[in-house]
Amino acid sequence: MRRMTMEPTMPDELSDCAAPLNADQPRLVPMRLQRFLSRAGVASRRGAENLMTTGRVRVNGHVVSELGSKVDPRTDVVEVDGVRCCLAASHTYLMLYKPRGYLTTMSDPQGRPCVAQLVPLSRHPGLFPVGRLDEDTTGLLLFTTDGDLAQGLLHPSFHVEKRYVALVRGILTRAQLKALRTGVDLGDGISAPAEASLLGVDDPAGKPVAPEGVPYGHCIVSLTIHEGKKHQVKR
């Protein structure tokens, strides 16, 4: 696991909840509550909206659930689940190679292993995963306290590519690969075109052959997508 640090994205005056804003920064206030929570490293903006609509956010002691509500970071006290939130002067970024058998969640009511157990939350409170990988999926998972970064990586309008390598039962034909590249019906809509290729070689007859070490009757497919539909790669 590798830790990265970046320069502050907000003025130093905001690193302390009680510190005033610089007089040269009037455009920062008032600030949408979702943006405040995102900048404070609580969650992505979408996650902040969920916190608000479920009644977990209080401003000056009052529950605020209306999206678009604004706060003044200089004077308002913002709390999530009773814990005060402050705008961060800097953010933490962690890259984790997620092993199989862990849920991409910070807690699980059933007590199953989750990725929160794999990151140093005591030293870096406020970390949350950017996106998710299925329990039986391994690969890179980014953690951060930077809600703006999470928003930029997750929102489909930014078209951030994600590459998956999957072991598939059966050998995909060229027609099936072409379908993946043009879009397939997932039951809840047509998927956006993806980059799809078979990781192997062709035999003299032109039939795809799986690489050495792959179980008989299986193949390995590389799939690059920029959507985030649930279980999209598996489907």
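The values are calculated or read from the model by the stated rules, or taken from the named source; none is laboratory data. No experiment lies behind these values; they were computed from the predicted model shown. Reconstructed Cβ throughout: ideal geometry from the backbone, glycine too, with neighbour counts over all protein chains shown.
Exactly one residue among 128, 158, 143 is under 30 Å from residue 199 (Cβ atoms) and out of contact with any strand residue (DSSP E or B) (no Cβ under 6 Å at 6 or more places or on another chain), and that residue is 158. The residue pairs whose first member lies in the range 104-129 and is at pLDDT below 90, whose second member is assigned to a helix (DSSP H, G or I) and not charged (D, E, K, R), and whose beta carbons are closer than 8 Å, counting only pairs six or more residues apart or on different chains, are 105/115; 105/116; 106/115; 106/116; 107/116; 128/47; 128/150. Checked against (1) in contact (Cβ under 8 Å) with a residue 60 or more places away in the chain; (2) surrounded by fewer than 19 Cβ atoms within 10 Å (Cβ to Cβ), residue 146 passes all but a single condition, namely (2). Checking each residue of the range 111-123 against the condition of being closer than 26 Å to residue 162 by Cα and among the charged types (D, E, K, R) gives no match. For residues that are β-branched (Val, Ile, Thr) and farther than 13 Å from residue 145 by Cα, scanning just the range 95-125, find the one that is surrounded by the most Cβ atoms within 10 Å (Cβ to Cβ). Step by step, filter the range 95-125, then rank; the result is 115. Before we move on, is residue 137 touching a helix residue (DSSP H, G or I) at 6+ places or on another chain (Cβ under 7 Å), hydroxyl-bearing (Ser, Thr, Tyr) and buried (at least 17 other Cβ atoms within 10 Å of the Cβ)? In short, no.
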